[in-house]
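Just so you know, all these numbers are worked out from the coordinates, no wet-lab data involved. Because the structure is predicted, anything quoted here is derived from the model rather than measured. Virtual Cβ from ideal backbone geometry, glycine too; neighbours counted across all protein chains shown.
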């Protein structure tokens, strides 16, 4: 997977985890987009839009592009939903750090 961006869909990343061998997709939730069942996510992120109190759980592809989302009133509710869908994530959440973040480097011009 690519490094996590600072934002997904315009919402600030609060917590994230790649989905890998430490996790089990439970199959307890089926996400539909345009009538099609989505495959399990490659990574999940809990995000928050500026000015909002609620949180969004994004299921993402390998590029951290959102393919599914669910709305949650609290951070704990979003974390519980994530664990319901992907057993084991409770122990693998990470807060984004500068080392984790994907940033676009823009060279500066020096005189």
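Give region 70-86 a look and list any residue that's surrounded by fewer than 18 Cβ atoms within 10 Å (Cβ to Cβ), out of contact with any helix residue (DSSP H, G or I) (no Cβ under 8 Å at 6 or more places or on another chain) and not in a strand (DSSP E or B), or say none.
Within region 70-86, 73, 74, 75, 76, 77, 80, 84 meet the criteria.
Any idea how many residues of region 36-69 are in a loop (DSSP other than H, G, I, E, B) and more than 12 Å from the chain's Cα centre (by Cα)?
Filtering region 36-69 down to residues in a loop (DSSP other than H, G, I, E, B) leaves 38-42, 49-54, 61-65.
The next check asks that each one be more than 12 Å from the chain's Cα centre (by Cα); those that pass are 38-40, 49-54.
Residues that pass the stated criteria total 9.
Select from region 5-35 the residues that are assigned to a strand (DSSP E or B) and in contact with a helix residue (DSSP H, G or I) (Cβ under 9 Å, 6 or more places away or on another chain) and write down the one among them that is surrounded by the fewest Cβ atoms within 10 Å (Cβ to Cβ).
Residues of region 5-35 assigned to a strand (DSSP E or B): 5, 7-8, 11-18, 24-25, 32-33.
Those still in the list that are in contact with a helix residue (DSSP H, G or I) (Cβ under 9 Å, 6 or more places away or on another chain) too: 14-15, 17, 25.
Numbers: 14: 17, 15: 21, 17: 22, 25: 14.
Checking each candidate, the answer is 25.
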